[in-house]
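Below is one structure, written out as structure tokens, with a few remarks after it.
Rule-based calculations on the coordinates, nothing more; no lab input. No experiment lies behind these values; they were computed from the predicted model shown. In this analysis, Cβ positions are derived from the backbone assuming ideal geometry, glycine residues included, and neighbour counts consider all displayed protein chains.
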Amino acid sequence: MPKNPRVVLLLIIILTLAAVYINIPKVKIFGIEVAHPRLNLQNFQRDLEPKLGLDLAGGVQLDMSADMANIEEKDHQSAIESAKNIIESRINSLGVAESNVQVAKSAGKYRLIIEIPGITDVDSAVSIVKKTAHLEFRTLKADAPPEATLSALPENFQSSTLTGGDLKLAQAAPTQASQSIKDPGYVVNLQFTEEGAQKLEQITTDNLQLPMAMFLDLEPISWPPPIIQSIISDGNAQITGSFTADEARELAIQLNAGALPLPLTIERQTRIGPTIGQEAIDKSIVATALGIVSVAIFMIAYYRILGVFAVAALLIYSLVVFAVFKIIPVTLTLAGIAGFILSIGMAVDANVLIFERIKEELRTGSPKHDAFFTGFDRAWTSIRDSNVSSLITTAILFNFGSGSVRGFALTLAIGILISMFSAITITRNFLRVFWVGKI
Amino acid sequence: MNIIKYKNWFFAFSLALIIPGVIALATFGLKLGIDFSGGTLWEVRISEGRTINNQDFQNFLNQEGAQVSSATNTAENSILVRMRTVDENQINQIRKKVNEQFGSVEDLRLETVGPTISKELTNKAVLAVFLATVAIVFYVTWAFRTVPAPTSSIAFGFCTIFALLHDILVVVAVFAVLGRFFNVEVDTLFITALLTVIGFSVHDSIVVFDRIRENLKKHKEQNFESVVNNSLLETMARSLNTSLTAIFVLMALLLFGGASIKIFVLALLVGIITGTYSSIFTAAPLPKEIRSKNLPLDY
């Protein structure tokens, strides 16, 4: 940190301008479109749009338990991953911007927590999520044109007797080193049930050297389809192709969604209509503004000139916190906004501590600049120790809760951390430059 | 002013709040929201220009097979219904009937919590409050490990426990009363408020403790009682001002903020007020109390 207070002041101004730039909403001023920038770094891309949670954007959250009764213990992880994966792709097909699917495990039970903010047609979203995955293996139609063997279209295929129910498990595996395969890549091994093995033998006999396609929820996966190389009678098939590890894993997950279908039960559901969300946003903006204004009036009325500096620091604080919310990005909920507003009160606390101390020192007859230094030095331990206690509770809250509780814990924690910087560094610098005078 | 001299009055005031509070809690209990009890919350808005009597609406739903425990008007043309857990199909059927009977209604909110989740949330909530209390007490004991005689960091730790229990009891008791007379329910956000109150209550105590620590080092000639008293007086303005700013922002939220967090904000507000009180009057006099039992003639 540079020692020269004027240099620090310059840095603070730059920080403030950067925060303002990030926070600019998309608006038109005198016909000119103004907007915040996008962050486009290599591994760090942010559109810097404020992310709104369920209670602000409207939408649905589903908490669903997975029934693992028919699935062997060792396959539990693959089954839940497949379910997650397929639900994600189904939701994406609805054209929703910010959905989130999480796997939660507690007391040995698996659950999927699905959030789809901003969706209006909740009913169809719920039914699309609840649907059990349907996997089928398809073979070429008899009337398919001959060239279809090599460049088949999805519509050239018809359902076979073989479905996801006949598949036991799909697993990605590295290619066995052998003379025939020089390129070390990945394959997907398929293990069929006894009944499935019989069907597979029949199909491979009838369609030797022809393609066999796999359709999940009526959409083809792994296109172009693999060609049946030999008659398979033991129920163990292998899909080869120049798969990378990720591609093979992805295909195995998709196949397992059909092989290990998980009946899902809705344990908890929260739906918020779009109107209630917009009302909540409007109210939150009013409440935040009023909160800041009332604190500002109090600080200036009570601490006069010192209060003015604290309020300036508070405004910079608010701008920086909101910019950080956009950068991380933090999904804002009503409770999250409450956490932010509460942290405004806390941010002032540090200044109150310091100012009370400075006033005390001035009363005992210390010169202005001694009072200034003692005030900041002595208040620091109180500020640090007391904020740590709040951070401890936010950490516990973050681990205990989900949704709103997490949102609150996160915004409060971010607020506390940034306030320790703003209330001390920023206010201190303002006072040094504008209040203490030449030392 | 000598706060320490009147400490028994402050203790008495706290007890006067807590004893009836505990009795209220024991008799009324807390009114549990669907997070902890399981169930369905359904808020609907009837199209403009129509009004529905909430009692009629409740009767209608009960006829259709829902088990409604309450239906209250949240606005002129919207109703919040609490009922036993219903599943997807049941609610769709009920909605259809409601549409036929009352004209098209808009779903404002639908929340359903099944028994598995509510049980899990209850366990987690109890665990979280317990963990937070223990963690904070350990932290305070550790943070004040260098405090000079005649007090000790253990004494500060003890004070923190008393202050925390005091604040938790007051908030919970207030909500037991609110639940009994105003149907206010506690949910996961209430627990969140409780934990936040725990954090902030200690906030205040730490500032006082910190000053006691500093003054003990600086004014070795003073007796312990007056050091504690002076430290309290010196930090009083700060405690009140900080609480005032927090109260301002919370009032703004309570009066103008979103409807679904009003109860949460109210819990925070009650907690911050009692937290400020406890840190000034309950927490700080205690080191001397504990200490005086051990070595009564030392100061």
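Residue by residue through A:106-112, how many Cβ atoms from other chains fall within 10 Å of the Cβ on average?
Shielding by partners across A:106-112 averages 2.
The longest stretch of chain A left intact once loop-based chymotrypsin sites (Phe, Trp or Tyr not before Pro) with at most 14 other Cβ atoms within 10 Å are removed from consideration, loops following DSSP, is A:45-439. Sites count as exposed loop sites when they are trypsin sites (Lys or Arg not before Pro), lie in a DSSP loop, and have at most 10 other Cβ atoms within 10 angstrom; the longest stretch of chain A without one is A:183-437. Counting only whole DSSP H helices of chain A, the ones at least 15 Å long by C-alpha along their axis and with mean Kyte-Doolittle hydropathy no lower than 1.0 are A:5-23, A:274-327, A:404-421. Annotation: aspartates and glutamates with alpha-carbon distance below 13 angstrom to residue B:262 (same-chain offsets under eight excluded): B:185, B:187. Mean per-residue shielding of peptide B:104-111 is 5, counting Cβ atoms of other chains within 10 Å of each Cβ.
Comparing B:110, B:240, B:250 in a Gaussian network model of chain B (Cα springs below 10 Å), the most mobile by mean-square fluctuation is B:110. Taken about its Cα centre, chain A carries a charge dipole of roughly 2900 debye when the Cβ of each Lys and Arg holds +1 and the Cβ of each Asp and Glu holds -1. Taking chain A as a Gaussian network of alpha-carbon nodes connected by springs under 10 Å, the highest mean-square fluctuation of the residues A:419, A:160, A:284 belongs to A:160. Given +1 at the Cβ of Lys and Arg, -1 at the Cβ of Asp and Glu and no other charges, the dipole of the protein assembly as shown around its Cα centre is 3820 debye to the nearest 20.
The fewest-to-most ranking of B:126, B:170 by surrounding Cβ atoms within 10 Å reads B:126, B:170.
Helix content alone sets the calculated 222 nm mean residue ellipticity of the protein assembly as shown: runs of n ≥ 4 DSSP H residues at -39500 (n - 2.57) each, divided across all residues, give -19500 deg cm²/dmol. Largest GNM mean-square fluctuation across A:365, A:277, A:415, computed for chain A with C-alpha springs under 10 Å, falls on A:365. Per residue of A:61-72, other chain Cβ atoms within 10 Å of the residue Cβ number 1 on average. Among the helices of chain B, those built from whole DSSP H runs whose Cα atoms reach 24 Å or more along their own axis and whose mean Kyte-Doolittle hydropathy is at least 0.5 are B:7-28, B:115-143, B:153-182, B:188-218, B:224-256. A Förster radius of 25 Å combined with the Cβ-Cβ distance from residue A:305 to residue B:146 puts the calculated FRET efficiency at roughly 0.10. Counting only DSSP beta bridges with both residues in the protein assembly as shown, the antiparallel share comes to about 95 percent. Rounded to the nearest 0.05, the FRET efficiency derived from the C-beta distance between residue B:225 and residue A:381 at R0 = 22 Å is 0.40. Taking the DSSP bridge list for chain A and keeping only pairs wholly inside it, about 95 percent are antiparallel. Exposure proxy ranking for A:356, B:76, based on other Cβ atoms within 10 angstrom of each Cβ and starting from the fewest, stands as B:76, A:356.
Under 30 Å of direct C-alpha separation, and excluding same-chain neighbours fewer than eight residues apart, residue A:359 reaches these lysines: A:3, A:368, A:438, B:5, B:7, B:217, B:218, B:220, B:288.
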